[in-house]
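Below: one structure, written as structure tokens.
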Protein chains: 2
Amino acid sequence: MNLDDCRRLDAEDPLAALRGKFILPEGVIYLDGNSLGVLPKAAPARIAEVVSHEWGEGLIRSWNSARWIDLPQRLGDKLARLIGAAPGEVVCTDGTSVNLYKVLFAALTQMKDSGRKVVLSERSNFPTDLYIAESLCRERGFVLKLIDDPAGLPAALNGELAVLMLTHVNYRTGAMHDMKALTAAAHAAGALAIWDLAHSAGAVPVALNDCEADFAIGCGYKYLNGGPGAPAFVWVHARHASRFEQPLSGWFGHAAPFEFSPHYRPAPGIARYLCGTQPIISLSALECGIDTVLAAEAHDAGRGSMAALRAKSLALTDAFIALVEERCPGRFTLVTPRAHAQRGSQVCLALADNGPGAYAIVQALIARGVIGDYRAGDSQMPDILRFGFTPLYLGFEDVWRSVDHLVQVLEGEEWKRPEFNQKLAVT
Amino acid sequence: MNLDDCRRLDAEDPLAALRGKFILPEGVIYLDGNSLGVLPKAAPARIAEVVSHEWGEGLIRSWNSARWIDLPQRLGDKLARLIGAAPGEVVCTDGTSVNLYKVLFAALTQMKDSGRKVVLSERSNFPTDLYIAESLCRERGFVLKLIDDPAGLPAALNGELAVLMLTHVNYRTGAMHDMKALTAAAHAAGALAIWDLAHSAGAVPVALNDCEADFAIGCGYKYLNGGPGAPAFVWVHARHASRFEQPLSGWFGHAAPFEFSPHYRPAPGIARYLCGTQPIISLSALECGIDTVLAAEAHDAGRGSMAALRAKSLALTDAFIALVEERCPGRFTLVTPRAHAQRGSQVCLALADNGPGAYAIVQALIARGVIGDYRAGDSQMPDILRFGFTPLYLGFEDVWRSVDHLVQVLEGEEWKRPEFNQKLAVT
């Protein structure tokens, strides 16, 4: 594959025009949309309208006139289309960690008299999920069990299991679980399944209801392009939605918040997963981001939600893998699964000798405008170079140029320069 | 007091120029800053810069280059000056309800082996505080006791008390507790004291360290002018700050989040009260709001933080009370305490006959551009008309005109029009 092939693929790409929905800095190839999505072109004007018109002019009246009051639900209904959920099943609110606390608490409450004591996850799950689970397990008398190799998951779904808590697409490796099979196996073992969709929503097809999942949460600032620290989302299967009072029982989850009753009475359905007053400016930014993903729906052509984006995502990551292997032979190990069914929308590489340099190579690429990121390894996992591919705003020429920059960084030993070896606070 | 007197007071007001720091809609007298503060003039440009420059151009790099990573602490340090706290003791993060959950959990953990089982609050406390306490008490084996008359508080501080949880200024009545005396009494009784500063921060002087309070939380979108659903804040006395792992143990509260360790190790001090990735756009808006309050510091002249704002606030509420009593004789009961030491920065009225009409009078005033709000009563509390006085952007002529509109609404029985008696979703 050469540059001309890539340009031809871009010319034939039915989604190419979607790049126009974003503001991308000049000279940047952005391969970090799995960490923070790009600014939607509609967002600055929409945010300015919310700030100057809805807040500035409407003031308190905007809770009614601008319909601030049900914004979490309206956004949830839009997002539902991307994750195989139904209208009324999703709210956009709080952060991913806080939402995980709500649903894991609810799941543990349901399992508290089951005699089952194990919450199962992966050691390489995103740490905040493990920290929240660690806290709740300690508090509520459960045991958090972490497995190192996802191949061992099916065997661990046994009679001790209370809750299987997984991130659908692994943040480090880009490996994607089979949500349907694992949920079915967890249910067959008598347990509940919680899915973190942080690297899935807007990135890969998700079918929560079809998979019969129990609870799901996810992130608004990655593939949903909602802005730094955007509100997250929470979904609960209809069979659970009205069964629990989640512990963060703030007034926005009350059945009638403006009755100002001193006693909590949970709202029916997903609204009870709201806690306090909702962040209107952030939610409005998130809506612009969700809309960019929904803009691809027109190309799905009956193949199901996210079909067009998924096809392009796989083509982009296939091309990246092929070009790295062709042009940097022997230098890297592919950490992300090669099989499409097991791959999210990112490609992670480790140095073949697992020696030093992964961090500095990423910094040298960033200095060239190719923005990926680095995740440190430990005794069980190598250091990785992580590249996210967002089909909404990336093309095949971007892939070709990224690999070309990588080749140059390696050939000239550019990455050994001291400035690329200084550690930043945030990696 | 007549209109000329009010104009003279405005001409002599050293804080009058601060009104220029806000964008107020034409024709509006805004008496609802205790519910949602006004848009700071600096906010639209600052938010646009964060959106278009820091997010749009800087992308993921802004966590380092724009110092997003310690924004909750930097804002906390600014806010600390307004609430009698020290630098490093406050973070701006999450919502008020979520933050209350963190600190009440921490307080209950500290008291779990004390044999004390009572969490004491007021029935008229803001409902979300009661809902959070109800949830945590049920979960953790405590009993939430609510008293109807705050005069009964001292007698209820006894050997059964674990935690005294109060809102410093009552959202319904505008009555202000003596934080120092009640904290000392709670401590003398062997209990901890949690203060909700939702209607205090930026509204009245607060001296958390001087009062030896244990925990405090508060709201960013009222007197701090942080925007709809702005992040809230949390303060913990230095003697408690590093003692607890709060349950919402997300990765931003980890001692080294970018080590991506699978095990939680809390950050030293207040940073452990952070949970997930922080909402950068909302926090940036909040900073503009906090800055508007800090702009009054130049007028404090050694009298202590908030002295100038407090003096004007009391003068405004005094004037409002006097004018209502003079011009609407016998129509209203004053719900807010007359004594300065017991008054926050709002005035609440009930109809003298406690008959219907409070809601409609508020709606008729809003239609005239005088924006206050209504809070429904119950068997123990009357319906109230609630008027917040924010000395940053209100003057004495505003007070005169508000009362004049109130007189007209009453005299013409304007409030009986059907359109003012239709209930809105949000009151």
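The values are calculated or read from the model by the stated rules, or taken from the named source; none is laboratory data. Remember, predicted model here, so these are calculated numbers, not experimental data. Glycine also receives a Cβ, built like all others from the backbone with ideal geometry; neighbour counts cover every protein chain displayed.
A few points about this structure:
- Of all the numbered requirements in (1) crowded, with 17+ Cβ neighbours inside 10 Å; (2) in contact with an Asp or Glu (Cβ under 9 Å, 6 or more places away or on another chain), residue A:408 misses one, and that requirement is (1).
- Pair list, Cβ < 6 Å and 6+ apart or interchain, from segment A:320-341 residues that are outside the structural domain of residue A:391 (by TED's automatic domain parsing) to residues that are aromatic (Phe, Trp, Tyr) and modelled with pLDDT of 95 or more: none
- Here is the figure for segment A:271-297: residues that are at the interface with chain B (Cβ under 9 Å from one of its Cβ atoms) and aliphatic (A, V, I, L, M) total 4.
- Scanning segment A:1-46 for residues that are touching a Cys at 6+ places or on another chain (Cβ under 8 Å) and assigned to a helix (DSSP H, G or I) returns A:43, A:46.
- Of all the numbered requirements in (1) assigned by TED's automatic domain parsing to the domain that holds residue A:223; (2) without any contact (Cβ under 8 Å) to a residue 60 or more places away in the chain, residue A:314 misses one, and that requirement is (1).
- Remark: residue A:172 falls outside the filter, which requires a residue to be within 23 Å of residue B:246 (Cα to Cα) and touching a residue at least 24 places away in the same chain (Cβ under 8 Å).
- Unmet criterion (only one of (1) surrounded by fewer than 16 Cβ atoms within 10 Å (Cβ to Cβ); (2) at the interface with chain B (Cβ under 8 Å from one of its Cβ atoms)) for residue A:11: (2)
- Comparison of A:154, A:150, A:228, A:205 shows that the only residue that is within 14 Å of chain B (Cβ to nearest Cβ) and not hydrophobic (A, V, I, L, M, F, W, C) is A:228.
- Members of segment B:25-37 that are under 28 Å from residue B:169 (Cα atoms), of a type in the set (Gly, Ala, Ser) and more than 7 Å from chain A (Cβ to nearest Cβ): B:33, B:37
- Members of segment B:371-391 found to be within 12 Å of chain A (Cβ to nearest Cβ) and outside any loop (DSSP other than H, G, I, E, B), listed by number: B:371, B:373, B:374, B:375, B:384, B:386, B:388
- Residue match in segment B:358-368 (condition: within 19 Å of residue B:28 (Cα to Cα), among the charged types (D, E, K, R), more than 20 Å from the chain's Cα centre (by Cα) and in the same structural domain as residue B:415 (by TED's automatic domain parsing)): yes
- Of all residues making up segment B:56-108, the number that are surrounded by 24 or more Cβ atoms within 10 Å (Cβ to Cβ), within 13 Å of chain A (Cβ to nearest Cβ) and not in a helix (DSSP H, G or I): 4
- Just one of the listed residues (A:207, A:193, A:216, A:201) is at pLDDT 95 or above, touching a helix residue (DSSP H, G or I) at 6+ places or on another chain (Cβ under 9 Å) and over 15 Å from residue A:85 (Cα atoms), and it is A:193.
- Single condition residue B:268 does not satisfy, out of (1) over 30 Å from residue B:34 (Cα atoms); (2) modelled with pLDDT of 95 or more; (3) more than 10 Å from chain A (Cβ to nearest Cβ): (2)
- Answer from A:145, A:117 - the residue that is in contact with a Leu (Cβ under 6 Å, 6 or more places away or on another chain) and either over 25 Å from residue A:173 (Cα atoms) or free of Cβ contacts under 8 Å to residues at least 40 places away in the same chain (or both): A:145
- Residues located in segment B:38-55, provided they are crowded, with 22+ Cβ neighbours inside 10 Å and at the interface with chain A (Cβ under 9 Å from one of its Cβ atoms): B:38, B:39, B:43, B:47, B:50, B:51, B:54, B:55
- The residues of segment A:247-259 that are part of a helix (DSSP H, G or I) and in contact with a Lys or Arg (Cβ under 6 Å, 6 or more places away or on another chain) amount to a single one, A:253.
- Residue in segment B:192-204 that is of a type outside the set (Val, Ile, Thr) and either surrounded by fewer than 24 Cβ atoms within 10 Å (Cβ to Cβ) or assigned to a helix (DSSP H, G or I) (or both) present: no
This table checks each residue for (1) in contact (Cβ under 8 Å) with a residue 60 or more places away in the chain; (2) in contact with a strand residue (DSSP E or B) (Cβ under 9 Å, 6 or more places away or on another chain).
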| residue | (1), (2) |
| --- | --- |
| B:4 | no, no |
| B:18 | yes, no |
| B:23 | no, yes |
| B:31 | yes, yes |
| B:39 | yes, yes |
| B:42 | yes, no |
| B:46 | yes, yes |
| B:51 | yes, yes |
| B:57 | no, yes |
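- The residues in segment B:115-137 that are surrounded by fewer than 24 Cβ atoms within 10 Å (Cβ to Cβ), more than 9 Å from every other protein chain (Cβ to nearest Cβ) and part of a helix (DSSP H, G or I) can be counted, and the count is 1.
- Summed over segment B:208-223, the residues that are more than 13 Å from chain A (Cβ to nearest Cβ), in contact (Cβ under 8 Å) with a residue 60 or more places away in the chain and buried (at least 24 other Cβ atoms within 10 Å of the Cβ) give a count of 5.
- Of the criteria (1) closer than 25 Å to residue A:149 by Cα; (2) within 14 Å of chain B (Cβ to nearest Cβ), which one residue A:318 fails: (2)
Condition check ((1) charged (D, E, K, R); (2) in contact with an Asp or Glu (Cβ under 7 Å, 6 or more places away or on another chain); (3) part of a loop (DSSP other than H, G, I, E, B)) across all residues:
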position	(1), (2), (3)
A:222	yes, no, yes
A:229	no, no, yes
A:240	no, yes, no
A:245	yes, no, yes
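- Hits in segment B:231-254 (condition: within 14 Å of chain A (Cβ to nearest Cβ) and β-branched (Val, Ile, Thr)): B:234
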